[in-house]
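Since the structure comes first, as structure tokens, the remarks are kept for the end.
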Amino acid sequence: QGQLVESGGGLVQAGGSLRLSCAASGRTFSSYQMGWFRQAPGKERDFVAAIVWSGGSTDYADSVKGRFTISRDNAKNTVYLQMNSLKPEDTAVYYCAARHGTSIYRQKYNYNYWGQGTQVTVSS
């Protein structure tokens, strides 16, 4: 059974940066597509970014394109989300997710594994 654990969240001022990490254990996720989602209070869990197992293809929500970068290190079984130029509207709980396959999907119901989430708060 696989497990995903996020870390790196915190409180940052607008314009600042954070790097989230998602460490996978229990299985090798190198053949899995990995994604990041976020959920603000009272809102749906939304797609943020995704990356294929090789790292050769990525996808981003329009709201974060140009500011966030997703990457992965399969040797470390870890996925990262570098977040720059943070805005107050980026405040949310950020979740790491995984699905077996080589195609990128934005819909959360396509993902089989989820982490517990890490809080990101951006102050104005």
Relative intensity, log₁₀ I(q)/I(0), of the range 1-85 from a Debye sum that treats every alpha carbon as a point, q = 0.15, 0.16, 0.22, 0.23 Å⁻¹: -0.56, -0.64, -1.15, -1.22
Residue 87 paired with residue 119, simple spin-label distance in nm, labels 7 Å along Cα-to-beta-carbon: 2.3 nm
Burial order of peptide ranges 115-123, 51-59, 27-35 (average beta-carbon count within 10 Å, highest first): 27-35, 115-123, 51-59
1.4 Å probe accessible area per residue over the chain, in Å²: 50 Å²
Value of D in µm² per second that Stokes-Einstein yields for the range 51-124, Kirkwood Rh from Cα pairs, at 4 °C (1.567 mPa s): 95 µm²/s
Accessible carbon and sulfur surface of the chain relative to its total accessible area, %, 1.4 Å: 45 percent
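Out of the DSSP beta bridges found with both residues in the range 68-124, what percent are antiparallel (nearest 5)?
Details: 11 of 11 bridges.
If I count the DSSP bridges inside the range 68-124, around 100 percent turn out antiparallel.
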Rounded to whole Hz, the Karplus (6.51, -1.76, 1.60) HN-Hα couplings of the range 31-40, x for glycine and proline: 9, 9, 7, 10, x, 10, 10, 9, 9, 8
For the chain, share of DSSP beta bridges that run antiparallel, in % to the nearest 5: 90 percent
In Hz, Karplus ³J(HN,Hα) per residue of the range 82-95 (6.51, -1.76, 1.60; θ = phi - 60°; x = Gly, Pro): 7, 10, 10, 6, 5, 10, x, 6, 7, 4, 4, 8, 9, 10
Residues whose placed amide H lies under 5 Å from that of residue 68, excluding near-sequence neighbours: 84
Estimated inter-spin distance, residue 27 and residue 100, nm [label 7 Å along Cα→Cβ]: 0.5 nm
Stretch gain in nm, segment residue 5-residue 17, where the contour uses 0.36 nm per residue and the Cα spacing is subtracted: 2.3 nm
Using θ = phi - 60° and Karplus 6.51 cos²θ - 1.76 cosθ + 1.60, couplings along the range 72-81 (whole Hz; Gly, Pro as x): 8, 10, 5, 5, 9, 6, 9, 10, 10, 9
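The values are calculated or read from the model by the stated rules, or taken from the named source; none is laboratory data. Being a predicted model, the structure only gives us computed values, none of them experimental. A quick note on method: Cβ atoms are made from the backbone with ideal geometry, for glycine too, and the neighbour counts reach across all protein chains shown. Heads up: the accessible areas ignore ligands, DNA and RNA and are worked out on the full protein's heavy atoms, side chains in. Shrake-Rupley method; radii C 1.70, N 1.55, O 1.52, S 1.80 Å.
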